[in-house]
Each structure stands twice: as structure tokens, then as C-alpha cells.
Amino acid sequence: MKDFRDRVAAITGAGSGIGRALALQLAADGCHLSLSDVDAEGLAETVRQLGAPRVKVTTATVDVADRAQVEAWATQTVADHERVHMIFNNAGVALGGTVEGTTIEEYEWIVGINFWGVVYGTKAFLPHLRAAGEGHVINISSIFGLFSQPTQSGYNATKFAVRGFTESLRQELDLAGGAVSATCVHPGGIKTNIAANARTNGSVAKMTGKDPVSSQKDFEKLFRTTADEAAGIILKAVRRNDRRVLVGPDAKVIDICQRLLPTAYQRLVTRAVRSQSRKSAGKKSA
């Protein structure tokens with residue numbers, strides 16, 4: 001899909017961050033929009049920022065973890081726009097906690113949004129993309145879909161799952177022929193509110209020696225890429241029909257590290273966390 005003009009794009013998580021940036025840039029390119037988010041206020045703000053675009057924009061409050069809601073939204077998108085060409089499965093959440101310290105309910109929460117939301121979105125929209133004669137599925141994973149971290153088992157699990165799901169889908173679409181494709185996106189540290197809205201349990205502080213607020217602030221210091229920059233990289237990748245997209249310099253560095261040290265990187269990470277934990281303990285006792 002080289003040109004977005006007069007195409008129709010559906011975007012989950014469009015109420016903030018990358019989802020909002022994608023909406024703004026696609027509208028500027030003449031693409032009609034079907035936007036969804038569980039946050040109605042954020043979604044309304046995205047529409048406000050769009051101003052008076054020369055494209056059709058529809059919105060729906062959707063919890064991507066609810067299959068019926070996603071399927072209803074896909075049906076309504078086609079009813080409103082007559083067709084749809086792209087689905088950006090962008091909605092996602094974060095969860096911090098050790099395996100022992102994370103409850104089953106917390107795992108179910110993050111899997112429902114980060115993984116099942118992608119599956120539901122892909123399954124609900126794929127037949128409509130085929131019917132349109134051309135289309136693209138864009139699934140947002142993470143650098144944590146390439147590289148694991150302690151206290152991130154839930155997030156890692158879902159983002160690795162999105163990667164595997166999308167890569168399998170892409171191969172099936174290649175085998176089927178036609179004009180529908182798929183891309184898996186691996187953003188690094190993007191300046192969005194995902195860290196601020198993350199759920200974190202007490203097991204993180206116990207392992208790292210840092211309270212949740214300090215951990216969040218330290219994590220956000222690593223964010224180097226803006227949501228607008230990320231959206232531009234993603235849309236460029238769609239035009240090129242890339243299979244995998246690394247968003248941000250940190251994502252590229254981590255990808256290289258994982259390739260060169262596919263298992264040894266884990267020891268490096270644990271040493272770094274252990275060292276940081278000792279430093280935090282020293283500051284508290286001083």
C-alpha cells in the first residue's frame with residue numbers, strides 16, 4: 001500500500017500516544033479513520049486535535065480485550081465507511097512484577113489486552129481487508145518482544161506472542177497471494193503515557209530496591225523517540241511492506257545485542273539489575 005489517500009484505517013488505542021499520532025498523520029495523507037479506545041475522553045481529544053480534516057472520522061469506545069466489542073466495531077467500521085484497508089492493533093498496557101509476585105488475575109488482564117486484543121482485531125478485520133482488495137495488518141509488539149527483562153514476564157510474554165502471531169500471519173498471507181500483508185512493529189522507548197499507566201506490584205521494589213515511582217521515572221528517562229516520530233517510521237514501513245519494524249535507536253541497539261548474545265544478554269541484564277539494587281540499598285542505609 002503505497003498511497004493512503006482515500007483509504008480507510010482502523011486504529012485501536014487512538015486516544016493517546018502512537019495511536020493518536022498515527023491518526024493525525026494518516027488524516028494529513030487523506031486517509032479516512034475509524035478510531036477506537038477504551039478511554040472516551042482521550043479519543044475525544046484526538047478528534048479535537050484532528051480539527052476539521054477533509055476525511056471521514058468515526059469513533060467507538062472499545063475494550064480490545066472484549067471480543068464482541070472488537071467484532072462489533074469492525075462491522076460498524078465497514079457500515080460507516082463501506083470498506084477498510086488497514087487495521088493498526090496498537091492498544092496496549094504494561095505490567096511490572098516478578099513471576100512469583102504477579103497474580104493470575106494480573107496475567108489475565110495484560111494477556112487480554114496485549115495479546116487477545118491483537119488476535120481479535122486481526123481476526124475481525126482481516127475478511128474486510130480481503131474484501132477491499134488490498135489491505136495491511138499492523139500489529140504493535142515491542143523491543144520486549146525481542147529481549148526479555150526481569151519483572152516484565154507478563155509484558156514480555158504478550159509482546160513475544162504478538163511477534164510470533166504476526167510473523168506466522170505474514171507467511172500465510174504471502175502463501176495465499178493477493179494484496180493483503182502484515183507488519184510487526186517493535187518500538188523502543190517511546191514518549192507516551194504507557195509507563196505512567198502501568199500496573200506494578202510490590203514484588204518489583206523487593207527485587208530492584210526501588211519504589212514504583214522511582215522505577216517509572218528511571219524508565220521514562222530512557223524514552224528517546226516521540227510518538228510522532230514513531231508513527232512516521234511505522235507508516236513508512238507500511239508503504240515499503242516491511243515484515244519487521246524497529247522504532248527508535250534503542251530498539252536497533254537491543255536487536256543487535258540479542259542477535260549477537262542470544263542468551264548471554266540475560267546474564268548482563270541480571271548483573272545490571274543486581275548492581276542497581278545494591279546502589280539503591282546503599283542510598284537507603286546512608
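The values are calculated or read from the model by the stated rules, or taken from the named source; none is laboratory data. Note that the structure is a prediction, hence the values are computed from the model and not measured. Cβ: placed from backbone, ideal geometry, glycine included. Neighbour counts: every protein chain shown.
A Cβ distance below 7 Å, combined with a sequence gap of six or more or placement on separate chains, defines the contacts here; from the range 50-79, residues that are acidic (Asp, Glu) reach residues that are part of a loop (DSSP other than H, G, I, E, B) in the pairs Asp63/Val38. Any residue at all in the range 131-152 that is farther than 23 Å from Ala179 by Cα and of a type in the set (Asp, Glu)? For the range 131-152, residues farther than 23 Å from Ala179 by Cα and of a type in the set (Asp, Glu): absent. Filtered by the rule that a residue be assigned to a loop (DSSP other than H, G, I, E, B) and either surrounded by 17 or more Cβ atoms within 10 Å (Cβ to Cβ) or at pLDDT below 95 (or both), the range 102-115 gives a lone residue, Thr102. Among all positions in the range 81-91, there is no residue which is aliphatic (A, V, I, L, M), surrounded by fewer than 22 Cβ atoms within 10 Å (Cβ to Cβ), at pLDDT 95 or above and not in a loop (DSSP other than H, G, I, E, B). Among all residues of the range 13-35, there is at least one that is within 20 Å of Thr75 (Cβ to Cβ), touching a residue at least 60 places away in the same chain (Cβ under 8 Å) and either touching a helix residue (DSSP H, G or I) at 6+ places or on another chain (Cβ under 7 Å) or surrounded by 24 or more Cβ atoms within 10 Å (Cβ to Cβ) (or both). Applying the set (1) buried (at least 19 other Cβ atoms within 10 Å of the Cβ); (2) of a type in the set (Gly, Ala, Ser); (3) in a helix (DSSP H, G or I) to Ala68 leaves exactly one unmet item: (1). The residues of the range 159-187 that are over 20 Å from Val111 (Cα atoms) and of a type outside the set (Val, Ile, Thr), listed by number, are Arg170, Gln171, Glu172, Leu173, Asp174, Leu175, Ala176, Gly177, Gly178, Ala179, Ser181, Ala182. Restricted to the range 116-219, the set of helices (runs of 4 or more DSSP H) holding at least 3 residues that are at pLDDT 95 or above and either over 15 Å from the mean Cα position of the chain (by Cα) or surrounded by fewer than 19 Cβ atoms within 10 Å (Cβ to Cβ) (or both) comprises 117-132, 153-176. For Thr46, are the conditions met, namely being crowded, with 21+ Cβ neighbours inside 10 Å and free of Cβ contacts under 8 Å to residues at least 40 places away in the same chain? When the stated conditions are applied, Thr46 passes them.
The single condition from (1) over 23 Å from Ser153 (Cβ atoms); (2) surrounded by fewer than 16 Cβ atoms within 10 Å (Cβ to Cβ); (3) at pLDDT 75 or above that Lys284 fails is (3). Within the range 229-250, residues that are part of a loop (DSSP other than H, G, I, E, B) sit with their Cβ atoms under 6 Å from residues that are among the hydroxyl-bearing types (Ser, Thr, Tyr), at 6+ positions apart or across chains, in these pairs: Asn241/Ser181; Asp242/Thr183; Gly248/Thr225. Return yes when Ala60 is part of a loop (DSSP other than H, G, I, E, B), in contact with a Ser or Thr (Cβ under 9 Å, 6 or more places away or on another chain) and among the hydrophobic types (A, V, I, L, M, F, W, C) and no when it is not. No, not satisfied.
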